[in-house]
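Beneath this line is the structure, given in structure tokens, with notes to follow.
Please treat every number below as a calculation from the coordinates, not as lab data. Every value quoted in this text rests on a predicted model; they were computed, and no experiment measured them. Don't worry about glycine lacking a Cβ; one is built from the backbone with ideal geometry, like all the others, and counts go over all protein chains shown.
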Amino acid sequence: MRLNDISRNIRVRDQRGSGGGGLGGGGKLGCGAVVLAIAGYFIFGLDPMSTLGMVDSVQTDAPVQTGGQTLEESCSVNEYSRETCAALSSLDATWQPLFQQAGIPFTQPTLNFYDGRGQSGCGAAQSAMGPFYCPSDQGIYIDTSFYDQLDRQLGAGGDFARAYVMAHEYGHHVQNLTGQATQVRQLQQQNPGAANRIQVAMELQADCYAGVWAAKNRELMEPGDIEEGMTAASSIGDDTLTQGRVSPDNFTHGTSAQRMEWLQRGLKTGDEDQCDTFSALLR
Ligand SMILES: [Zn+2]
């Protein structure tokens, strides 16, 4: 996908350089106090988020940057960073007008880069968790080394596979802003026996939203993109990832077939209203 433009208005926070690598070689990190605060969390059990929160509170509407790096620096740490920032720029630009049309208040999510370990509004972030969305701080968290894993271990390389991952996490942000995420949690509390099926519907909807985003940017798609997306969706299906070790009742993200089906539906229709996985799966 030809995602080349990086908006100056995306929200990015950078925790890299604070994890396993320690502070060595941190010369490019200009803001020592924040970096030390993050390192302190692991060594002394301090809470760095209070320090980061102070930084946020004085720059409410500006792109959030900590770790002393500018947006440009954070987005050019490596090729994956550039791609991730470009995908976020496109996702913001695609979804914001849809919220405007629907009359639902829109806020941008914050992309949080971290390396190995990080901190999120939902607790500790660890790269083994894979990319995730935290509703309470509206953050998308990613250790971009996941993309190497996706390519080498799961056999799903390519820029569109990576863009799909970002678009899926952004789909959870959409669910958060529309109130669907809250409804899902209420539904799960009322039907604990169906909690996993409801969770699967939520994940498949995020896949469908990822497809909708791509479809709305069809002019940027390149030959092979759809195949890359389908390979990625297939490779991260619960049945494929767990290889029979987990019963279907305990699936959380859907089977490979389901993930491909809902990504495909978004890609084909380009219509977010076609992503009602809840009606389709919870009859
Ligand atoms: Zn998800």
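Which residue, ILE142, MET166, PRO192, has the largest displacement toward the positive end of the dipole of the range 124-224 when charges sit on each Cβ (Lys, Arg +1; Asp, Glu -1)?
PRO192
P(r) for the range 134-234, please, calculated from all Cα pair distances in 5 Å bins and given in %.
For the range 134-234, the binned pair fractions read 3, 12, 20, 20, 19, 14, 9, 3, 1 percent.
Tell me which residues come under 5 Å, amide H to amide H, from ARG13 once H is placed; ignore anything under 5 positions away on its chain.
LEU111, ASN112, PHE113
Using the Cα centre as the reference, give the magnitude of the dipole from point charges on the C-beta atoms of the range 166-283 (Lys, Arg: +1; Asp, Glu: -1; all else neutral), rounded to the nearest 20 debye.
420 debye
List the residues, sorted by chain then number, that are 5 or more residues from ASP143 or on another chain and whose placed amide H is less than 5 Å from its amide H.
Amide H neighbours of ASP143: TYR114.
Residues with beta-carbon under 15 Å from that of ARG2, excluding ARG2: net charge, scoring Lys, Arg +1 and Asp, Glu -1?
Numbers: positive: ARG82, ARG162, LYS216, ARG218; negative: ASP5, GLU79, GLU83, ASP159, GLU219, GLU222, ASP225, GLU228.
Once all neighbours under 15 Å are counted, the net charge is -4.
Report the local net charge at TYR141: Lys and Arg +1, Asp and Glu -1, summed over other residues whose C-beta lies under 14 Å from its C-beta.
Values: positive: ARG11, ARG13, ARG16, ARG117; negative: ASP14, ASP115, ASP137, ASP143, GLU169.
Every neighbour counted, the sum reads -1.
For ASP151, ASP238, ASP276, which order do you get if you count the other beta carbons within 10 Å of each Cβ and list the fewest first? Present the calculation step by step, with values, prior to reporting the outcome.
Details: ASP151 16, ASP238 21, ASP276 13.
If I rank by nearby Cβ atoms, fewest first, I get ASP276, ASP151, ASP238.
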